[in-house]
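What follows is a single structure, written as structure tokens, with notes after it.
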Amino acid sequence: MTTLDGARIGTELPPLRLRPISRTTLALFAGASGDHNPMHIDIDVARSAGLDDVFAHGMLSMAYLGRLLTDWAAPEAIRSYGVRFAAITPVHAEPTATGTVVAIDDVDGERRATLELAVTLADGTVTLTGTAVVAL
């Protein structure tokens with residue numbers, strides 16, 4: 001875990017580069033999350049909906065951003081966390097989770113950093129954006 005003491009506006013969290021999303025990853029996440037939507041695990045269902053293949057659960061990308069945050073700050077320091085789903089993550093895509101401190105404020109005597117977050121694929125597609133507030 002990186003120290004938060006030196007956080008300033010513009011501080012970038014160490015990027016979380018992930019291995020390509022495999023069918024095994026999707027099946028394991030479906031089991032762990034309880035989200036067995038066939039669009040994520042059954043190629044025939046995905047094709048019947050006009051897609052070339054299955055795609056990752058949006059919540060999997062949200063979990064990756066959560067991991068980025070907890071690699072940087074202790075879970076108990078996270079004051080808020082929210083995301084917006086922007087695009088699908090196809091199977092075999094290589095996501096990278098990133099975050100940047102965009103504000104530092106004092107709230108009720110507690111120093112807090114506001115972060116902008118994103119998950120981006122190797123081709124530049126941003127699949128998820130978000131914000132978090134972390135106590136420093």
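The values are calculated or read from the model by the stated rules, or taken from the named source; none is laboratory data. This one's a predicted model, so the numbers in the text were calculated from it and none came from an experiment. Neighbour counts are summed over all protein chains in view; Cβ atoms, including those assigned to glycine, are modelled from backbone coordinates with ideal geometry. To get the accessible areas, we keep the full protein, side chains included, count just its heavy atoms, and leave off ligands, DNA and RNA. Shrake-Rupley method; radii C 1.70, N 1.55, O 1.52, S 1.80 Å.
Using C-alpha pairs below 8 Å separated by at least 6 residues, the relative contact order for the chain is 30 percent. Taking the chain as a Gaussian network of alpha-carbon nodes connected by springs under 10 Å, the highest mean-square fluctuation of the residues ARG47, ARG23, ARG67 belongs to ARG47. At a Förster radius of 35 Å, what calculated FRET efficiency corresponds to the Cβ-Cβ distance of VAL102 and THR125, to the nearest 0.05? The computed FRET efficiency comes out at 0.95. Taking amide H as placed 1.01 Å from N in the peptide plane, the amide H of THR11 sits under 5 Å from that of VAL101, each at least 5 places away or on another chain.
Ranked by solvent-accessible area (1.4 Å probe, protein heavy atoms only, all chains present), the residues HIS92, HIS57 order from largest to smallest as HIS92, HIS57. With θ taken as phi - 60° and the Karplus curve 6.51 cos²θ - 1.76 cosθ + 1.60 applied, the whole-hertz 3J(HN,Hα) list for region 82-90 is x, 9, 10, 7, 10, 7, 7, 10, x Hz, x standing for glycine and proline.
With N denoting the number of residues in region 9-60, provide Rg(C-alpha) divided by 2.2 N^0.38 Å, to two decimal places. That ratio works out to 1.44. Working value for the chain: equivalent-ellipsoid semi-axes of 32, 14, 12 Å, each the square root of 5 times a Cα gyration tensor eigenvalue, largest first. Computed extension gain for ALA74 through ILE9, at 0.36 nm per residue and net of the alpha carbon distance, reaches 21.5 nm. Considering only GLY50, GLY124, GLY82, the mean-square fluctuation computed in a Gaussian network model of the chain, springs between alpha carbons under 10 angstrom, is largest for GLY50. The fraction of accessible area contributed by carbon and sulfur in the chain is 52 percent, rounded to a whole number (1.4 Å probe; ligands and nucleic acids excluded). Think of a 1.4 Å ball rolled over the protein heavy atoms: the chain then has 54 Å² of accessible area per residue.
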